[in-house]
Structure formats: C-alpha cells, structure tokens
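The block underneath contains the structure these notes are about, expressed in structure tokens.
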Amino acid sequence: SHAVQHGPDKLGLVLVGKTGAGKSSSGNTILGRDAFRAAVSHSSVTRECSKQKGEVFGRKVSIVDTPGLFDTSLPDETVKREISKCINMSAPGPHAILLVLQAGPFTKEERDAIRKVEEIFGSDARRYTMVLFTHGDRMGPDIEQKLAGAGSELHTVLRMMGNRYHVFNNTKSNDRGQVLELLEKVDEMVAANGGQSYSNYTYMDVVKKLDQREEELRALYQTKLQEEIQTVTQKYEQQDN
C-alpha cells in the first residue's frame, strides 16, 4: 500500500448523520475491515459511540462512529453527553467531521440531523466538516450533474461546508481508490485549518453546562420538596390545634 505523504500521521475522523445513512459501512470502507456493526433497524441501534483504529495507506486512522445519536427522538441532553464522550475518545479532537448523507432526496430527517450537528458541535465545526455521500452507485458517473440538479437545500448545506464533499460506494468496499481520495480531501481541509484538529473545549463546555444545570435542578427539586413537606406539616399542626 502506498503512503499518503502530506497530512498528520495520526488522523482522527468522526462520522455523524442519521441512522441508516451508512455511517458504519463508511467506517468499515475506510478501515478496510468490518470494524463497525452496521445498523439494520432502528431498534438494534446502539446509542453508544464506538471507536475503531487501523492503518490506512501507512497512516494511523482512528474513527469514532456516533450511531443513532442524530435521530431526532432523543433528548438533546442525552445526545450532547454521549457526543462529548465520543469526542473525548478522539482526543485531542477530530481532524474531520464527516457528515454522512445518502445520495438521494434531501429529507426533513437529514435537515434535522444537520441542525443537531450544528447545535452540538457549534457553528465553528463547519470548517472541519465534509459531506460524505453514500450509495454512490445510485448516483452513477455524472455526480457533478446530479448535484447541480439537486434541491437548493442541499446546495445550502454544501455551501456551509465550503463545498467539500466526497462520494462513497460502500458496495465496493475493496475499491481503495475512493478511500485514498477521501484522505487527500481531508488533508486539504486540515491544511486549510492550519493543521489543527477540531478543539475539544466546546464539548468540555457542554459537559460543564449540563452538570451545572443538573445541580441547579437538583437544588430546585430539594427546595420544592422541603416547601411541600413544610406545607403538609403546617396543615396537620393546624388540624391538631
């Protein structure tokens, strides 16, 4: 295998997107083995992040998969906490966030997933994000043309991400050319970001805020409980008199 010369020796990637978009399969394609368990249905999906590593074209690549976290039914707090854990797994932070979208119509679910990515990672994450289209086999050879004909929403998303995208055909997982090309695009993005990985502070803030809020809620609950006990006690005392 020939090594890619430029870019960091250790590359950290995080896969985000809704369930069924092809995150796990994409992770498997990049690492060249069945590292992640692909989700067959919503019910079998684990909510936990998982991290897998491997050597890809002579470089150490670590991938964090965020299964089921961008499905809108989950409460934001649960998601944020789990994502923080995921990011800590990829310390000092990922070089690239790969937003996995299925090639095809842009749905409300996709829109919500993107909104959630922004909410959790912050708007600064855009500079580190690239769209990874799966099911490239459905797009055929004229991908540029297909994208040109796509709806304005998808164009807006691509513009937000600096028009950075790559197309994967996960049914041809042994086609290493598509992986090499992805890494080259990621390297370009890393270079544009001054070689930095996406900073970890945002998540630490998120976790701190969540903990603080939990403390406040607990204190509030205690106070309310005390007040209620007092009210009941007073009521009984009055009845006794």
Taking H as built 1.01 Å from N, whose amide H comes closer than 5 Å to the amide H of Phe70, not counting residues under 5 places away? Gly17, Thr19
Filter Lys185/Lys208; Lys85/Lys172; Lys85/Lys116; Lys23/Lys80; Lys23/Lys208; Lys18/Lys80 down to the pairs with a C-alpha to C-alpha distance above 23 Å, please. Lys185/Lys208; Lys85/Lys172; Lys23/Lys208
Say R0 is 30 Å: what FRET efficiency, to the nearest 0.05, do Lys224 and Glu119 get from their beta-carbon distance? 0.55
Spacing of the two label points (7 Å from each Cα toward its C-beta) at Arg138 and Lys185, in nm: 1.7 nm
In nm, the gap between the two label points placed 7 Å beyond Cα toward Cβ at Tyr236 and Asn174 is 7.7 nm
I'd like the per residue volume of the convex hull spanned by the Cα atoms of the stretch 10-199, given in cubic angstrom. 108 Å³
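Just so you know, all these numbers are worked out from the coordinates, no wet-lab data involved. Here the structure is a predicted model, which is why all the values come from computation and not from measurement. Positions of Cβ are backbone-derived with ideal geometry, glycine not excepted, and every protein chain shown enters the neighbour counts.
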